Structures are given as structure tokens and as C-alpha cells.
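One structure is given below, encoded as C-alpha cells.
The values are calculated or read from the model by the stated rules, or taken from the named source; none is laboratory data. Keep in mind it's a predicted model, so treat the numbers as computed, not measured. Here the Cβ is made from the backbone with ideal geometry for all residues, glycine too, and neighbour counts use every protein chain on show.
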Amino acid sequence: MKKKILFLCTGNTCRSVLAHYYAAKLAADLKLPYKFTSAGLAAHKEIVQPGIVADLLAKEGIKDFSHVPVMMTGKLVKSSDLILAMTNDHKTRLVALYPRAAKKTHTLIEYAGFGRDDIADPYGRDDLFYYEVFKLIKTAVKAALEKLKRSRIK
């Protein structure tokens with residue numbers, strides 16, 4: 001059975017989406033047995049996905065990208081084996097709502113072994129800011145997948 005990894009941010013339009021789809025592609029390329037999803041603490045399906053997100057993913061070979069923001073739910077939290085939040089605030093808010101998820105919830109930066117920094121929210125910013133955020137996400141996702149490969153989350 002594939003282990004389920006959830007990426008979490010605010011609106012599920014940028015950071016968690018970039019991490020989700022990039023991780024899924026990278027894991028498939030490496031034949032790693034993980035299933036990825038993403039959600040937002042304040043997601044709404046009516047929020048428009050910034051076009052730059054699809055452009056950045058297309059440059060990574062992820063074509064025909066389509067995503068509708070998903071609200072984080074208790075069911076998603078319970079079914080996830082690992083939750084990787086984009087900020088410490090996301091992590092804190094999720095654990096406050098679902099204390100039993102504390103052991104499986106980390107920030108992406110923390111889990112990757114890069115410290116305790118947050119991944120800045122690019123929503124509404126210029127394309128260069130999105131590019132820099134995605135560069136950090138890609139580096140952190142690669143490190144997280146290496147860690148997963150070594151640990152084979154239980």
C-alpha cells in the first residue's frame with residue numbers, strides 16, 4: 001500500500017500545489033511508493049489558480065496541469081501518513097485542530113533538514129518571486145524524498 005503524504009498551506013493554490021505535483025512526478029520517476037495530495041487551511045474552490053503555477057510545473061515536465069483548491073479536513077489528516085506544512089503557523093494551527101496528528105506533522109523545511117524557516121507565500125507576487133519559492137520547494141522536496149526513501153515511513 002502506498003504511503004500518503006499531504007502538503008499543507010493556506011489556500012492550496014501555490015506552495016502546497018507546487019510541492020504536491022513536483023513530489024508526485026519526482027517519486028514516480030524514482031519509482032517510490034508514495035501518494036501525494038495537498039490542501040489548504042483556508043482553501044476555497046472558487047479561488048483562481050495563478051497561471052505561473054502551471055507554467056512552473058510545465059517546465060518540470062508536468063503537462064496538462066489542472067487543480068481545484070482543496071480544504072483541509074479531518075479525514076485528510078487522519079488518512080495521511082505524513083503532513084508537510086509550508087509554514088510553522090500552518091503546522092501549529094493543524095496540530096491545534098488535530099492534536100493526534102502532532103507526531104506526523106512537520107514543516108517541509110524542517111522535515112528536509114534545513115532548519116525551521118517558512119516557505120514564503122508567493123500569492124499575488126511577481127513571477128520572479130514564484131520562481132524563487134518554487135526553487136526552494138524543489139530543493140526541500142528532493143531532500144524530503146531522500147529522507148523518506150531512507151526511512152520508509154512507518
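Details
- Filter result for the condition that a residue is under 24 Å from residue 143 (Cβ atoms), of a type outside the set (A, V, I, L, M), within 17 Å of the chain's Cα centre (by Cα) and crowded, with 17+ Cβ neighbours inside 10 Å, over 36, 65: 36
- Residues in the stretch 126-154 that are modelled with pLDDT of 95 or more and not in a helix (DSSP H, G or I): 126 only.
- Cβ pairs under 6 Å, 6+ apart, first in the stretch 40-58 and farther than 26 Å from residue 26 by Cβ, second surrounded by fewer than 15 Cβ atoms within 10 Å (Cβ to Cβ): 45/68
- Number of residues in the stretch 25-39 that are part of a helix (DSSP H, G or I) and touching a residue at least 12 places away in the same chain (Cβ under 8 Å): the value is 3.
- Scanning the stretch 40-59 for residues that are surrounded by 15 or more Cβ atoms within 10 Å (Cβ to Cβ) and not in a helix (DSSP H, G or I) returns 40, 41, 43, 47, 49, 50.
- Assessment of the stretch 4-24 against the conditions (surrounded by fewer than 23 Cβ atoms within 10 Å (Cβ to Cβ), in a helix (DSSP H, G or I) and over 13 Å from the mean Cα position of the chain (by Cα)) yields no matching residue.
- Residue match in the stretch 68-75 (condition: assigned to a strand (DSSP E or B) and surrounded by fewer than 15 Cβ atoms within 10 Å (Cβ to Cβ)): yes
- Qualifying residue in the stretch 41-58 (condition: modelled with pLDDT of 95 or more, in contact with a His (Cβ under 7 Å, 6 or more places away or on another chain) and not β-branched (Val, Ile, Thr)): yes
- Scanning the stretch 17-42 for residues that are closer than 17 Å to residue 79 by Cα and among the small types (Gly, Ala, Ser) yields 38, 39, 40.
- In the stretch 59-87, the residues that are at pLDDT 95 or above and among the β-branched types (Val, Ile, Thr): 73, 77, 83, 87
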